[in-house]
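Accompanying notes for the structure given below.
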Amino acid sequence: MSPNSDSILSQELSRRTALKALFGAASAAVLFGLPTHAHAAEASKETTAKLNAAQAKLDEVQAQLDSIASEYAALASKNAKTLDDIEDVQGKIDDTQAQIDTKKSELKKKRGDLSDRVAASYKSGGTNVLSLLLASGSFEELVANAHYVEKINKSDRDAIEDIQTIQAELDAQKTDLEGQKADLEKLKDQQTAQMQDMQAKQQEVQTVINGLSDDVKELMAQRDSEILAAAQAEEAARKAAAAAAASANKNNTSTGGGSYAPGKPQQNAGSGKQQAVVNACYSTPSPGQNWCAAWVTNVFRNAGVGYYGGNACDMFNAWCYSSNRSALQVGMIVADSSHSGTGAPGLIYGHVGIYVGGGIVMSNEGAITSRSLDSFISFYGTGSGVRWGWLGGIALS
């Protein structure tokens, strides 16, 4: 977890602690915006609209960043191919130069053999050879002189011509390869400049995303605050109504008039399920390392919601349908199906936790931990991405 995430988590925990102290343990359900009537407490339409708009903008800019990242990855792959090509061409240049050096050595030896043969002929009294030597201005003239060519062995002449031809071809091949390398070096420089430009764009977009993410977090906090206030008002109204009903029933009983209908429900029987899940998150111990889904199963069973088995990947595929933060509610599971952060178990089975409100996700990481939503997404969203939804498809709100 990053220092920034630790700071956010500390702020959220401090806010929750202060609210608990303000309203007391008896009204803990109100803290998380849970309904005590048939309809859940809600934030204002204005705040909800702003949050939805901010989330949509964040998703849009995130898509731009993802696109830039994909383009960068593709360009980096091309650049790696260019570097491989440069290395390959340089290897061919080195091989060609080695062959040129070999042919030069062979040609030098052939010329030496001819010189030795001419010297031997001179020593044996060959006056024509002496005249030819005196008339020739260079070795090439000597070789070109038809009178002398008639005196050398045809195989020697052919060998020299072959070596000269091969050397010329190798020189041309080396020149071509050096041209290819120059073109590849130029392409490499262009690709490097493009990647640097894309890195700058990535940084610009990331800065925008950071700002939008802060806006979304502020609006989420505002939404939670409004839900809290609305739930508190509903709770106060319920208590007042209950007190009035109790007083009226007492008066009716003492005067013999009217009666209380015990079959009429006084509140929604399912309104406390979210709070029950949150309470179970804090009371359910870790079943051990790599058993994140087992802990979630135990939490929901302890909360009286029901039994839902499977690993984190199963829960992600079956029940997690949204990545829209404005749709995230207390009691939802938050999961991924594959991530690289914890090695093979994470890659194969993913990870799952439970959103307990205030921007906090609790999960079993060997011990029960509380992470900010941003930290959870940053760490566990490296593969399949993080999504959320109601476990078993049962909406608790």
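The values are calculated or read from the model by the stated rules, or taken from the named source; none is laboratory data. Remember, it's a predicted structure, so these values are computed and weren't measured experimentally. Methodologically, a virtual Cβ is constructed for each residue, glycine included, from the backbone with ideal geometry; neighbour enumeration extends over all protein chains shown. Surface accessibility is based on the protein's heavy atoms, side chains included, excluding ligands, DNA and RNA. Shrake-Rupley method; radii C 1.70, N 1.55, O 1.52, S 1.80 Å.
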Margin query: When you scan the stretch 280-301, do you find a residue that is at pLDDT 90 or above, of a type in the set (S, T, N, Q), within 15 Å of residue 396 (Cβ to Cβ) and surrounded by fewer than 18 Cβ atoms within 10 Å (Cβ to Cβ), even just one?
Written below: no
Next item on the list: Collect the residues in the stretch 202-218 that are open to solvent by 50 Å² or more (accessible area, probe 1.4 Å) and either out of contact with any Leu (no Cβ under 9 Å at 6 or more places or on another chain) or aliphatic (A, V, I, L, M) (or both), keeping them in residue-number order.
Entry: 203, 204, 207, 208, 210, 214, 218
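Does residue 151 satisfy the condition of being at pLDDT below 85, open to solvent by 60 Å² or more (accessible area, probe 1.4 Å) and not in a helix (DSSP H, G or I)? Walk me through it before giving the result.
Values: at pLDDT below 85: yes; open to solvent by 60 Å² or more (accessible area, probe 1.4 Å): yes; not in a helix (DSSP H, G or I): yes.
When the stated conditions are applied, residue 151 passes them.
Among the residues of the stretch 157-172 satisfying the criterion of being more than 60 Å from the chain's Cα centre (by Cα) and surrounded by 14 or more Cβ atoms within 10 Å (Cβ to Cβ), which is modelled with the lowest pLDDT? Outline the logic, then answer.
Within the stretch 157-172, the subset more than 60 Å from the chain's Cα centre (by Cα) is 157-161.
Next, from what is left, pick out any that are surrounded by 14 or more Cβ atoms within 10 Å (Cβ to Cβ): 157, 159-160.
Numbers: 157: 68, 159: 73, 160: 75.
Selected residue: 157.
Would you check if there is a residue in the stretch 31-40 being surrounded by 13 or more Cβ atoms within 10 Å (Cβ to Cβ), part of a helix (DSSP H, G or I), at pLDDT 50 or above and among the small types (Gly, Ala, Ser)?
Within the stretch 31-40, the subset surrounded by 13 or more Cβ atoms within 10 Å (Cβ to Cβ) is 31-37, 40.
Subset that is part of a helix (DSSP H, G or I): 31.
Of the ones still in play, those that are also at pLDDT 50 or above are none.
Within the stretch 31-40, not a single residue is surrounded by 13 or more Cβ atoms within 10 Å (Cβ to Cβ), part of a helix (DSSP H, G or I), at pLDDT 50 or above and among the small types (Gly, Ala, Ser).
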Notebook entry, point to check: So which residues in the stretch 312-329 are surrounded by 22 or more Cβ atoms within 10 Å (Cβ to Cβ), farther than 15 Å from residue 383 by Cβ and among the aliphatic types (A, V, I, L, M), if there are any at all?
Noted result: 315
Next item on the list: Hey, can you tell me all the residues within the stretch 348-369 that are under 21 Å from the mean Cα position of the chain (by Cα), aliphatic (A, V, I, L, M) and crowded, with 17+ Cβ neighbours inside 10 Å?
Entry: 352, 361
Note to self: Restricting to the stretch 80-101, name every residue that is touching a residue at least 60 places away in the same chain (Cβ under 8 Å) and farther than 15 Å from residue 182 by Cα.
What the structure shows: 96, 97, 99, 100
Note to self: Take residue 372 and tell me if it is within 22 Å of residue 304 (Cα to Cα) and in contact with a strand residue (DSSP E or B) (Cβ under 8 Å, 6 or more places away or on another chain).
What the structure shows: no
Note to self: If residue 181 meets every condition in (1) farther than 30 Å from residue 48 by Cα; (2) at pLDDT 85 or above; (3) open to solvent by 60 Å² or more (accessible area, probe 1.4 Å) apart from one, which number is that one?
What the structure shows: (3)
Checklist line | residue 193 being at pLDDT 80 or above, surrounded by fewer than 12 Cβ atoms within 10 Å (Cβ to Cβ) and under 30 Å from residue 80 (Cα atoms) | finding: yes
